[in-house]
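The block underneath contains the structure these notes are about, expressed in structure tokens.
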Amino acid sequence: MALNESQSVNPALVVDDVVKRFGRGDEVITAVDHMSFDVAQGEFVSVIGPSGCGKSTLFNIIGGLLSDYEGAVKIGEERISAPHPAVGMVFQEESTFPWRTVIDNVAFPLELQGVGKSERMDRAHHFIDMVGLASFEKAFPSQLSGGMRQRVSIARTLVSQPKILLMDEPFAALDEQTRLLLGDKITQIQQELNQTTLLITHNLTEAVQLSDRIVVMTYRPGRVKRIVRIDLPRPRTSDVVGSDAFGHYVAEIWNDLREEASRGMADSESAASRRAAHG
Amino acid sequence: MAEKSGPSFLRRNGPELFGALSLLAAVLVFEALVRSGIVNRFVIPPPSDIVLAFERVIVEENILGRFRDTAVEMVIAGFAAVGVGVPIGAFLYRSALWRRAMEDWIGALAAAPIVLAFPLFLVLFGRSPKTIIVMGFVHGLAPIILKMVEGLASTRPVLINVGRSLKMTSSQMFWKILFPSALPVIFTGIRLSWTFVLITIVGVEYLINLGGLGQLINELAERYDLPGTYAGICFVVLVSVLFFVILERVESWLQPGR
Ligand SMILES: Nc1ncnc2c1ncn2[C@@H]1O[C@H](COP(=O)(O)OP(=O)(O)OP(=O)(O)O)[C@@H](O)[C@H]1O
Ligand SMILES: [Mg+2]
């Protein structure tokens, strides 16, 4: 069988015909509908889709937090039905521990693994530096901005050096400038560590800037609409955003996405007017 | 650096200063009301008489010893309520069945005027400090249990998911995520609880005429020594202030980031 865009030779992560429904009877919502794609070792793949299309649901399934689904998510030969030690997750919502300082937040996974204090501080320090928070190590999350807190969560996930990095809209709370610069950091980390990464996002430029391939999702039910390979040269920095090729990719994917996004909008508008009509 | 001490002193100590001044103002107003005869001095003695009575109650009535008795009862009952209430709360959080079965009863216990059940406790524990401590403990228990359950249940789901994704054991999950996340709510519970404990302890001391400040207030009131009675009440307030200052210290030491 010839390889198509959705298949790799030696995938680190395989999503195979995954279906997830919520509710029962007439109220069933199909959040993820027969999705299949894979992520190769060292590859950066983004999943993009409009709000409410089932991205976080997919994220939770791959992370092993939702074990009740059809189909298979596989790492190696293993079907995922519980959190897998090779996967590190960065959540969409703010997830730092407010009772711990930045460095103690980042060192937390190492503490669980029983890594000695001085080594764990060294390693935490390294990753805090990487996300640009070196001067805030002793600060508490309440003293940081939302974007800074998100960087703390990213460092906390990176510190245990997961084979597969799984992120759910990690930059959603950030402004465009920080987003681009942090994107550079992520690219750099990904290249340095040859980090297999799956990024969930609704941001087009972010997806094109960072990815080797982009999985475009449909809105309700959440299916794979198309998988686009991004052939922009690496090493890549945020400068790429200005290039013609970049604009081309963005336009192309937006073309696919526009239809889905407007269906999503229409859906929430009609829901709103139904609510208004009901009083 | 020659920084002006004026404004920064005010900014730092302003609230305390304002509190102290308004207390002083209230005292002066009462003094004026009583001295001018608007308020009957046999109902409220002039504050200056109360201040003068301090020396008398300290020297003649051994109020410091009684203060100690009440404080010791308070410590035992208060900490016992925390020590027993926290594990019960943790258990109820874990067991949905027990929680649904017990929550309303515990709520009722918190609202019940336990002090009035003193004859029952007298029969059980005799006319001894044990009765006072047990009653204080019982009244202080409910708020801690309820707030413990509430605090654990209000842990943000995403933090629990972080723990799950790190494959934490359930005891790690409890001690490293649920418990620290619940701490602020638990402290609210302790504050409520200790208020109940103090009220009950002083109330029962008064009612059964035994032990620390409550008994003294009872005696002084029977002797119609009003300034002395109010001086005794001031010492009760002091006990409560003392405990809340300690609690506040412990709280800010335990959770520095908030
Ligand atoms: N636990 C649940 N129970 C019932 N329905 C759910 C549940 N979780 C998600 N859904 C539904 O599944 C659909 C997809 O939700 P999901 O959170 O995966 O979307 P999303 O793509 O991550 O959206 P966003 O970009 O806004 O985060 C939504 O319609 C949502 O209402
Ligand atoms: Mg989402």
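Let me know the mean shielding of A:59-69 by other chains, meaning the per-residue number of their Cβ atoms within 10 Å of its Cβ. Walk me through the numbers on the way to the answer.
Working: counts 0, 2, 0, 0, 3, 3, 4, 0, 0, 0, 0.
Across the residues of A:59-69, the mean count of other-chain Cβ atoms within 10 Å is 1.
Taking 22 Å as R0, compute the FRET efficiency from the Cβ-Cβ separation of B:Val245 and B:Ser22 and round it to 0.05.
So the FRET efficiency works out to roughly 0.70.
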Difference of contour (0.36 nm per residue) and Cα-Cα distance, B:Ser171 to B:Ile58: 35.6 nm
For the protein assembly as shown, which whole percent of the accessible surface, found with a 1.4 angstrom probe, sits on carbon and sulfur atoms? 61 percent
What nm value, rounded to one decimal, do you get for the distance between B:Ser95 and B:Arg35 when each label is placed 7 Å out toward the C-beta? 6.4 nm
Checking the cross-link filter: which aspartates and glutamates have an alpha carbon closer than 20 Å to that of A:Lys117, excluding same-chain neighbours under 8 positions apart? A:Asp104, A:Asp129, A:Glu137
Could you go through segment A:14-22 in sequence order and give the Karplus-derived ³J(HN,Hα) for each residue, using 6.51 cos²θ - 1.76 cosθ + 1.60 with θ = phi - 60°, rounded to whole Hz, and x for Gly and Pro? 10, 10, 10, 6, 7, 10, 9, 10, 10
Identify, among B:Thr195, B:Pro184, B:Leu210, the residue whose Cα sits farthest towards the positive end of the charge dipole of segment B:122-213, taking +1 on the Cβ of Lys and Arg and -1 on the Cβ of Asp and Glu, with the dipole about the Cα centre. B:Pro184
Where in chain A are the DSSP H helices whose alpha-carbon span along the long axis reaches 27 Å or more and whose Kyte-Doolittle mean is at least -1.0? A:244-277
With DSSP loop assignment and no more than 11 other C-beta atoms within 10 Å, the trypsin sites (Lys or Arg not before Pro) in segment A:9-65 are A:Arg24
If we restrict to alpha carbons, what Rg and Dmax does the protein assembly as shown come to, in Å? 32.1, 105
Label point distance in nm, A:Glu27-A:Ala251, each placed 7 Å from Cα along Cα→Cβ: 4.7 nm
Counting helices only, and only those DSSP H runs with n ≥ 4, report the 222 nm mean residue ellipticity of the protein assembly as shown as the sum of -39,500 (n - 2.57) divided by its residues, in deg cm²/dmol to the nearest 500. -19500 deg cm²/dmol
Hz values of 3J(HN,Hα) by residue in segment A:222-238 - Karplus curve (6.51, -1.76, 1.60), Gly and Pro given as x: x, 10, 7, 7, 6, 10, 10, 8, 9, 9, 8, x, 10, x, 10, 10, 5
Got the relative contact order for chain A handy, in percent, Cα pairs under 8 Å and 6 or more residues apart? 24 percent
Once the in-chain neighbours fewer than 8 apart are removed, the lysines whose Cα is under 20 Å from A:Lys185 read A:Lys163
Report, by chain and number, residues whose modeled amide H sits under 5 Å from the one on A:Gly222, excluding near sequence neighbours (fewer than 5 apart, same chain). A:Val32, A:Asp33
Loop only per DSSP, at most 16 neighbouring Cβ atoms within 10 Å: give me the trypsin sites (Lys or Arg not before Pro) in segment B:33-120, ordered by residue number. B:Arg41
Could you pull the accessible area for B:Ile38 with a 1.4 Å probe, rounded to 10 Å²? 130 Å²
Distance in nm between pseudo-label sites at A:Ala86 and B:Ile160 (7 Å out along the Cβ direction from Cα): 2.9 nm
Among the aspartates and glutamates, which fall within straight-line cross-link reach of B:Lys167, defined as a Cα-Cα distance under 15 Å, with same-chain neighbours fewer than 8 residues apart omitted? A:Glu111
Counting only C-alpha contacts under 8 Å and six or more residues apart, can you give the relative contact order of chain B as a whole percent? 24 percent
If contacts are Cα pairs under 8 angstrom and at least 6 residues apart, what is the relative contact order of segment B:87-194 in percent? 33 percent
Amide H to amide H, which residues 5 or more places from A:Val90 or on other chains are under 5 Å from it, using H placed in the peptide plane? A:Leu166, A:Met167, A:Asp168
For segment B:128-133, Karplus couplings with θ = phi - 60° (6.51, -1.76, 1.60), whole Hz, Gly/Pro x: 9, x, 4, 4, 4, 5
Using a 10 angstrom Cβ neighbour count of at most 16 plus a DSSP loop assignment to flag exposed chymotrypsin sites (Phe, Trp or Tyr not before Pro), which longest range of chain B is free of such sites? B:43-223
Rounded to the nearest 10 degrees, what's the angle between the helix B:47-60 long axis and the longest principal axis of chain B, both from Cα atoms, 0 to 90? 80 degrees
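The values are calculated or read from the model by the stated rules, or taken from the named source; none is laboratory data. Computed from a prediction, not measured in an experiment: that's the story for all the values here. With ideal geometry, Cβ positions are generated from the backbone for all residues, glycine too; neighbour counts draw on all protein chains shown. Remember, those area values only see protein heavy atoms, side chains included, never the ligands or the DNA or RNA. Shrake-Rupley method; radii C 1.70, N 1.55, O 1.52, S 1.80 Å.
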